[in-house]
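Notes to accompany the following structure.
The values are calculated or read from the model by the stated rules, or taken from the named source; none is laboratory data. Computed from a prediction, not measured in an experiment: that's the story for all the values here. Every residue, glycine as well, gets a Cβ built from its backbone with ideal geometry; the counts of neighbours run over all protein chains shown. Quick note on the areas: whole protein, heavy atoms, side chains included, nothing else; ligands and nucleic acids left out. Shrake-Rupley method; radii C 1.70, N 1.55, O 1.52, S 1.80 Å.
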Amino acid sequence: MKIAIVSDLHLGYERFAEDAYRQAKEALEAASIMADAIIIPGDIFDKRAPKPDAIAEAINIFRELSRKEWKASAEMRGAKTAFTNVPILAIPGTHERTSAGKENALKLLGLAGMLIDISESTAVISNGKEKVAIFGLGGISDERVKEKLKELDPKPIDGMYNIFLFHQSVYELLPFNSDFIKYEDLPVGFDLYVDGHIHNPVEAKAHGKPFLIPGSTVLTQMKDAEQGSKGFILVDTKDSSHEIIPINSRKFFSIRLNFEDSSTPHILEKCETALSQIITKSASKPIVKVHLEGTMQAGLQFGSLNLKPILSKYGRDAFIEIDQSKLTIPELAKSIEDMRENRIGDLPIKDLGASFMNAKLKELNFDKSIDVSRLFELLDEPAQSKKQKTVDEALKFLNAL
Ligand SMILES: [Mn+2]
């Protein structure tokens, strides 16, 4: 059986909304012609509460797909209900994740019978000759994955080709958070492991079997690894072989320009040359990210590099983003070092914040009996999870005055 894996469509992604729609449509249409079934490892939508425009786009795409003459058909195993037999199976990604018990946008398409939502369950696709079983785990927070897998304990089904479908960061690919799942943590016994979430294609092995990520169909992250064509993966279950099928996606270039004690005219000139070279060789309007790195001439100030004229000159021919965060001025390095140490002059940043707040409250004629340093401490509580509690306590504190 031929299975197409199309991932991370990000319908409704505002910056390149038209690309998201056109490229998702192209990938899915091509997949429906080439494959017996389509599986989608998450992020059909860009937002957990997509706007009606994005929902309409998804309905337009999946209505046509689900009404095609599919030779294979799919059904759920276990207690969950599917509202169609079309062999288009999907899971919600991290972008569609909602709190427990709340419906997500992907499930709406399942309820409408346009695809089958297989999160935390198994579906079997059959074409009369062969059966393929697919277990799906939707995107969840990384620290919960291992525990969740233990709880669900997904098992392959004997006599079938088994696929494990999920949507998470993987430690071997992104080795900076020990919560990320490792290949060895994936359930054993499957013939193929398919992941979404990562937006560039990955072809690896887990438990000695293929581990595949097709990458997104639209550019959202502007990482260097995303410079290749977007597309999808076509797997042949006969021998677990696969090929990457490119789609006609907008070109993306990421360029790095290095400077040493450079003047602003020199930086601007190099920047212009690089941009015009890319634009000349591009048939259609490309996306270009320019990284300016190194050092600027001594004596310059932050903000002395005015990139606006370049952006307006080339903005019609390319979508341009210029990152100058790695371009430094040597004599300012010390002040940055001071900031890193949380000190400005002799005053720690925290005290500076408190005195700033004190001045503002005075300006607004607040009650003089407010203990500003106590209030500042309450608002300064750093932990994200404590945010609500902190706000509640701060309000209680203010109400008690
Ligand atoms: Mn994504």
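A few remarks follow.
- Counting DSSP beta bridges with both ends in the chain, the antiparallel % (nearest 5): 40
- Summary value for the chain: 12 percent relative contact order, contacts being C-alpha pairs under 8 angstrom separated by 6+ residues.
- Exposed-site-free run, longest, the chain (rule: trypsin sites (Lys or Arg not before Pro); DSSP loop; at most 13 other C-beta within 10 Å): 239-315
- Rounded percent of accessible protein surface that carbon and sulfur make up, segment 252-335, 1.4 Å probe: 52
- Straightening the chain between Ser304 and Arg63 buys 81.5 nm, computed as 0.36 nm per residue apart minus the Cα-Cα spacing.
- Å² per residue, accessible surface of the chain at 1.4 Å: 52
- For the chain, modelled as a GNM whose springs connect Cα atoms under 10 angstrom apart, the maximal fluctuation among Phe176, Phe45, Phe366 occurs at Phe366.
- Helix 387-399 vs. the chain, principal-axis angle (Cα, 0 to 90°, nearest 10): 50
- Taking 16 Å as the straight-line reach from the Cα of Lys209, the aspartates and glutamates in range (excluding those fewer than 8 positions away in the same chain) are Glu172, Glu184, Asp185, Asp191, Asp195, Asp236, Asp239, Glu243.
- Accessible area of segment 2-246 belonging to carbon and sulfur atoms, whole % at 1.4 Å probe: 49
- Estimated FRET transfer efficiency (Asn399, Lys182; beta-carbon r; R0 41 Å; 0.05): 0.25
- Fully extended contour minus Cα-Cα distance, from Asp153 to Ser73, at 0.36 nm per residue: 26.3 nm
- Backbone N within segment 194-225 under 17 Å of label point (7 Å from Lys326 Cα along the Cβ vector): 221-225
- Between 0 and 90°, nearest 10: helix 17-34 axis offset from the chain longest Cα axis: 20
- Total charge dipole magnitude, segment 1-66, about the Cα centre, Cβ charges on Lys, Arg, Asp, Glu only, Debye to nearest 20: 140
- Once backbone amide H atoms are built at 1.01 Å from N, Ile116 has Ile88, Leu89, Ala90 as its partners under 5 Å, excluding neighbours fewer than 5 places away on the same chain.
- Backbone phi angles across segment 211-226, fed through the Karplus curve with coefficients 6.51, -1.76 and 1.60 (θ = phi - 60°), yield HN-Hα couplings of 10, 10, 10, x, x, 7, 8, 9, 6, 10, 9, 6, 7, 3, 5, 8 Hz in residue order; Gly and Pro are listed as x.
- Estimated from helical segments only, the mean residue ellipticity of the chain at 222 nm is -9000 deg cm²/dmol, where each DSSP H run of four or more residues counts as -39500 (n - 2.57).
- Calculated FRET efficiency, Leu173 to Asp261, Cβ-Cβ distance, R0 = 41 Å: about 0.65 to the nearest 0.05.
- Leading residue at positive end of dipole, the chain (Cβ point charges), from Ile5, Ser73, Thr273: Ser73
- The stretch between Arg374 and Ser312 holds 17.5 nm of extra length on full extension. This uses 0.36 nm per residue minus the Cα-Cα distance.
- Local charge for Ser241 was computed over the other residues whose Cβ lies under 14 Å away, with Lys and Arg +1 and Asp and Glu -1, and equals -1.
- Relative contact order of segment 170-253: 20 percent, from C-alpha pairs under 8 Å at least 6 residues apart in sequence.
- If both residues of a DSSP beta bridge must be in segment 252-335, then about 0% of such bridges are antiparallel.
- Choice from Leu234, Leu327, Leu152 showing the highest fluctuation, given a GNM over the chain with Cα pairs closer than 10 Å: Leu152
- In a DSSP loop and with at most 16 other Cβ atoms within 10 Å, the GluC sites (Glu not before Pro) in segment 167-240 are Glu172.
- Compared with the dominant Cα axis of the chain, that is its longest principal axis, helix 264-281 is turned about 20°.
- Candidates Asp43, Asp53, Asp351, ranked by Gaussian network fluctuation over the chain, Cα under 10 Å, top entry: Asp351
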